[in-house]
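Structure record follows, encoded as structure tokens.
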Amino acid sequence: MGDVQLLLAEREVKNVVLRYCRGVDRMDLDMVRSCYHPDADDHHGDFAGGLEEALGWVWEVLATYSSTVHLVANMLVEFDPEAPGLARCESYGMALHFDGGEGGRRGQAMGFRWIDDLERRVSADGAVDWRFSRRVATTEWIRRFAEDEFSAIPDRYLKGRRDRNDPVYQRVDRQDGPQDPPAV
């Protein structure tokens, strides 16, 4: 793989991890599923199993929170010199999980590492792309927050949503803010 191809492949691998974060935080099941090969396995928290079981487990956990934010910091992508379609990406990050309403929120922050094995394959729709073939999540630390450490978000603020009505899915008009996407 030449230098430019290596940089492009590294960017594609990192984008899989970032799409996973967006998909989880916006509860976009299709986006999260698109990050995995159908035969992938996931070792995450107290769960270990195949893709569909992993998605069920993750969605059950996510449903207990009112919001989540996954932040990824250091990402090291290493390609297998013997097999150009194989890569490992180690990501350090922090996940913030909040539950409760405006009157009494609780939450926790978790430091984690994701050790992802990715493969570049032809997908069912004919696209050739990088996806997780194996994912291992380690928990490095946990900090819990008390209710009195939160402030209510003022009503005049634009708030994020955990569905496809979040502003990230809308076209942005520089003068008027987020707009509905044009009809296709």
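The values are calculated or read from the model by the stated rules, or taken from the named source; none is laboratory data. None of these values were measured; they are calculated from a predicted model. Methodologically, a virtual Cβ is constructed for each residue, glycine included, from the backbone with ideal geometry; neighbour enumeration extends over all protein chains shown. Calculation scope for accessible area: heavy atoms of the full protein, side chains included, ligands and nucleic acids excluded. Shrake-Rupley method; radii C 1.70, N 1.55, O 1.52, S 1.80 Å.
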Taking only Cα atoms, what is the 0 to 90° angle, nearest 10, from helix 51-62's long axis to the longest principal axis of the chain?
20 degrees
Candidates S133, S123, S91: whichever shows maximal mean-square fluctuation once the chain is modelled as a Gaussian network with Cα springs under 10 Å
S123
Scan the chain and report its longest stretch carrying no trypsin sites (Lys or Arg not before Pro) that are both in a DSSP loop and have at most 15 other Cβ atoms within 10 Å.
1-155
Which percent of the accessible heavy-atom area of the chain goes to carbon and sulfur, probe 1.4 angstrom?
51 percent
Calculate the dipole size of the chain relative to its Cα centre from +1 charges on Lys and Arg beta carbons and -1 charges on Asp and Glu beta carbons; express the result in debye to the nearest 20.
480 debye
Only helices counted: for the chain, with every DSSP H run of 4 or more residues adding -39500 (n - 2.57) and the sum spread over all residues, [θ] at 222 nm is -7000 deg cm²/dmol
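With a 1.4 Å probe and all protein chains left in place, how much accessible area per residue does the chain have, in Å²? Before the final figure, lay out the partial values.
Numbers: 11150 Å² over 184 residues.
Here the per-residue accessible area is 61 Å².
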